[in-house]
Each structure stands twice: as C-alpha cells, then as structure tokens.
1. In whole Å, how far is the Cα centre of segment 1-61 from that of segment 71-113?
2. Can you work out the accessible area per residue across segment 5-115, with the rest of the protein chains kept in place, probe 1.4 Å, in square angstrom?
3. Please arrange W35, W105 by accessible surface area, largest first, computed with a 1.4 Å probe and ligands excluded.
4. Need one value: the accessible area of Y78 in square angstrom, 1.4 angstrom probe, rounded to the nearest 10.
5. Could you order R37, R100 by accessible surface area, starting with the largest, using a probe radius of 1.4 Å?
6. Just how much of V102 is accessible, in Å², when a 1.4 Å probe is used and the result is rounded to the nearest 10?
7. Please list D60, D88 from largest to smallest accessible area, probe radius 1.4 Å, with all protein chains kept in place.
8. Report, to the nearest whole %, how much of the accessible area of the chain belongs to carbon and sulfur atoms, 1.4 Å probe, protein only.
Amino acid sequence: VQLQASGGGLVQAGGSLRLSCAASGSIFSINVMGWYRQAPGKQRELVATITRGASTNYADSVKGRFTISRDNAKNTAYLQMNSLKPEDTAVYYCRADYNRFVNYWGQGTQVTVSS
C-alpha cells in the first residue's frame, strides 16, 4: 500500500489543521493506522493511533487537542489538530500497520505553528 499525507501548512498558535492520509488501497484490513511526527533534531515520536475497531491512543502532549479518525470507505485516516502550539511544529508522517511485522510509512507533511 502507498500512503499519501497532506494537509500540513503554516498556522498561528491556537489555530487548527486537519491532516489526511490517503491509502492507495483498502485500509479495512489495516490493523492500526497512526500519525507520528519528527521535529528538527529530535527523534520521531508517536502522536496518535487508531485500530480497525476504532480504539484510539494519544501521546500525552496532544490529548484533548488532537483527534484521530479513519474512514474505511474512503481509505483515509485523519488527524484533526486543534489549539496548536509552537511545539507541535514538526514533519508529520502517517503509518499503516497490518501486523507487528508489516508496516508502511507515508511521506511527511510539514506543520509549522507560529507564536
């Protein structure tokens, strides 16, 4: 599967963005879809994940501000980001995990939050 991330951009602190991760094929069989981010000079970190059963998990730093969702009919996962902070600035990547051994990464989309 190929993953295409989009929706990044420049936004002021307190603003919102919605990222999309479109898959080239059906995501119904993908066990977990997730969003990760990597800021300059830092390691890539988990932001949020959603299982096929719609169970979600969030990094503490984004709880209450970000919402992950998936639309199996559109083969797309989303990350709604509200109340953005400058520390949310990073390249955001989507990932699809079929199982513990098989996973795919999309290309990144830049999110920049100005203070």
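1. After rounding, the separation between the Cα centres reads 2 Å.
2. 52
3. Final ranking, largest accessible area leading: W105, W35.
4. We get 30 Å² for Y78.
5. Working: R37 15, R100 205 Å².
The ordering from most to least exposed comes out as R100, R37.
6. My reading of the accessible area for V102 is about 60 Å².
7. D60, D88
8. On the chain, the fraction of accessible area on carbon and sulfur atoms equals 46 percent.
The values are calculated or read from the model by the stated rules, or taken from the named source; none is laboratory data. Everything numeric here is computed off the predicted structure, so don't read it as measured data. Heads up, the Cβs are rebuilt from the backbone with ideal geometry, glycines too, and the neighbour counts pull from every protein chain shown. Note: accessible area is taken over every heavy atom of the protein model, side chains too, but ligands, DNA and RNA are not part of it. Shrake-Rupley method; radii C 1.70, N 1.55, O 1.52, S 1.80 Å.
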